[in-house]
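Encoded as structure tokens, the structure appears first; notes follow it.
All of the numbers you see were taken from the coordinates with simple rules; none came from a lab. Since the model is a prediction, treat every value here as computed from it, not as a measurement. Backbone-built Cβ (ideal geometry, glycine too); neighbour counts: all protein chains shown.
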Amino acid sequence: MKAFEKNIRKVEPYVPGEQPQRKVIKLNTNENPYPPSPGVLAAMKELEQNMETLRLYPDPTADLLVSALADYYHVGKDQVFVGVGSDDVLAMCFLTFFNSEKPIFFPDITYSFYKVWADLYRIPYECKPLDEAFRIVKEDYYEENGGVIFPNPNAPTSLYENLDFVEDILKHNQDVIVIVDEAYIDFAGESALKLLDKYENLLIVQTFSKARSMAGMRIGYAIGSPLLIKYLNDAKYSFNSYTMNKTSLVYGVEAVKDKVYFEETIQKIVATRTWAAEEFRKLGFVFPEPAANFIFVSHPDYDAKELFEALKANDIYVRYWGSERIEQYLRVTIGTREEMEALFAFLKKYMKKC
Ligand code: PMP
């Protein structure tokens, strides 16, 4: 190690899923297989006519988008914070809210970025093991801690916990910040938004990347009490005032406007998920009950890593980690019906051959 490396902040980075630059059946990063709402396309054309506005900095308060989200969710503008994808929002939350000597708690099998942010910001943490069925054990979160974060539905398990469950964790953690990462909530069930009036320490984080088909735009947001949002904004303005570029603000507002398109797209994905789950079951795969736009599958007779590689060699990309407890699992994003049919056609051939 060079002498000047001694004081460099070293982190083991998060490894995102592959983004191959050619056409493949892409079921590896939970993107939406359908395009964003038609209004977004119209806004793209309009922005083209207004190139001149790119000369100026964007509105640092991101007021257009904050207002659209506040209207949509019937909360105050002072209850909404926006960022460059929920990754940016979550990173800001870790920086702002997890500043205790006590460890923060999150599940052992969960979004692997949590551990990376905790390491990056030197936040002590403890991973609480999911049970045998991959469920979060709520009693594990009753102990004293420096904050709590979990996704609902959890990733990569796709399991959803109901609001009583979420509220129980909140009831036992009123002196710390509890973050519910609802990246996949629109495919699942009730959001913890309902609990906001009761718990000033609750923060809900959502994204435009999944149900709103805009992973490429990078828009995420947090909704919480004005007090928490103020603290988040203070951290943001101490970091980078202009996190949201002009295009994201304009397209984001359009995406929020079209509720009908949004709900139809979700319905299509949920229908494909129900059908795909049945197909997986017929082929002998096992999986936790899927509530997100992906299924976390394992097969008792086929090695997950070999299957992952065989799929990839045939231009079908799914996600494989090979980490402890989930070495035999693959996470498969719900694509279009046609993409899923191609996946099952391959699996049937593969299973006959092996
Ligand atoms: N939370 C969870 C649980 C996720 O799976 C993802 C997607 N990788 C994110 C947050 C981040 O999504 P984005 O930054 O695209 O909003």
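Relative protection proxy for 9-21, 144-156, from highest mean packing down: 144-156, 9-21 (other beta-carbon atoms within 10 angstrom).
I want the antiparallel fraction of DSSP beta bridges within the chain, as a percent rounded to 5.
Numbers: 16 of 31 bridges.
Just about 50 percent of them are antiparallel.
Each of the peptides 248-258, 112-122 was scored by the mean count of other Cβ atoms within 10 Å over its residues; in descending order, highest first, they stand as 248-258, 112-122. Here the relative contact order of the chain, from alpha carbon pairs under 8 Å that lie six or more residues apart, stands at 23 percent. In the range 52-153, what is the count of Lys pairs whose alpha carbons are under 16 Å apart, counting only pairs at least 8 residues apart or on separate chains? The result is 4.
For a straight C-alpha distance cut-off of 18 angstrom, the lysines reachable from Lys45 (same-chain residues fewer than eight places away being disregarded) are Lys246, Lys257. Other residues with beta-carbon under 14 Å from the beta-carbon of Leu311 carry, at +1 per Lys or Arg and -1 per Asp or Glu, a net charge of +2.
Cut-off is 10 Å between beta-carbons; in what order do His299, His74, His172 appear when sorted fewest neighbours first? Can you show the working numbers first?
Numbers: His299 19, His74 8, His172 16.
The fewest-first ordering by Cβ neighbours comes to His74, His172, His299.
Around the Cα centre of the chain, unit charges on the Cβ atoms of Lys, Arg, Asp and Glu (plus for the first two, minus for the last two) sum to a dipole of about 1140 debye.
Order 125-137, 25-37 from most to least packed using the mean count of other Cβ atoms within 10 Å. Each step should come with its number before you reach the end.
On the way: 125-137: 15.8, 25-37: 20.8.
Per-residue mean Cβ counts within 10 Å order the peptides as 25-37, 125-137.
In summary, the aspartates and glutamates within cross-link reach of Lys230, defined as a Cα separation below 20 angstrom excluding same-chain residues under 8 places away, comprise Asp59, Asp63, Asp71, Asp78, Asp87, Asp88, Asp175, Asp181, Asp197, Glu200. Where the centroid of each part is defined by its Cα atoms, how far is the range 31-110 from the range 271-297 in Å? Measuring centre to centre over Cα atoms gives 30 Å. Ranked for footprinting exposure by Cβ neighbours inside 10 Å, fewest first, Ser225, Ser209 give Ser225, Ser209. Counting only lysines at least 8 places from Lys353 when in the same chain, those with an alpha carbon closer than 28 Å to its own are Lys23, Lys26, Lys282, Lys305, Lys312.
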